[in-house]
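Since the structure comes first, as structure tokens, the remarks are kept for the end.
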Amino acid sequence: MVQIDSPAPSRSIASGPPSFYGLGREALARVLARAGEPAYRADQLMTWVYRRRARDPRAMSNLPLAFRARLPELFGLDLPAIHGQLDTASGDTCKFVLRLRDVARAECVSIRTDRCLTMCLSS
């Protein structure tokens, strides 16, 4: 268990490319078009990231090698780091503090039942 009540550091502007996550298909297609890529690459990337859960461009075998090499310059595929975690004794509920790219923090709770896993995110 990690202490999760430490104060958040002051915000700074995140450096590097924008995050892939949160972009809809149309916004993703626009970014790719500005980079000279065809619109169907948006569907390919969505499939790799959300269906196949790949975050390493090297694994995206149906994309051209040159495009895979450029992906880290276009988008960040990293997930928020876990700053803190607190589990219940039963293990059914877990509270996380996530450190975002701009060093802001967000809290979320996972609740496991026999039927599903629910995530609640505070912004």
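The values are calculated or read from the model by the stated rules, or taken from the named source; none is laboratory data. Remember, predicted model here, so these are calculated numbers, not experimental data. Neighbour counts run over all protein chains shown; Cβ positions are idealised from the backbone, glycine included.
Summed over region 90-123, residues that are over 22 Å from G76 (Cα atoms), in a strand (DSSP E or B) and either without any contact (Cβ under 8 Å) to a residue 24 or more places away in the chain or over 20 Å from the mean Cα position of the chain (by Cα) (or both) total 10.
Table: residues versus (1) of a type in the set (K, R); (2) surrounded by 16 or more Cβ atoms within 10 Å (Cβ to Cβ); (3) within 20 Å of L28 (Cα to Cα); (4) assigned by TED's automatic domain parsing to the domain that holds R30.
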| residue | (1), (2), (3), (4) |
| --- | --- |
| L45 | no, yes, yes, yes |
| A54 | no, yes, yes, yes |
| A69 | no, no, yes, yes |
| A89 | no, no, no, no |
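With respect to (1) at pLDDT 95 or above; (2) outside any loop (DSSP other than H, G, I, E, B), the lone exception for L63 is condition (2).
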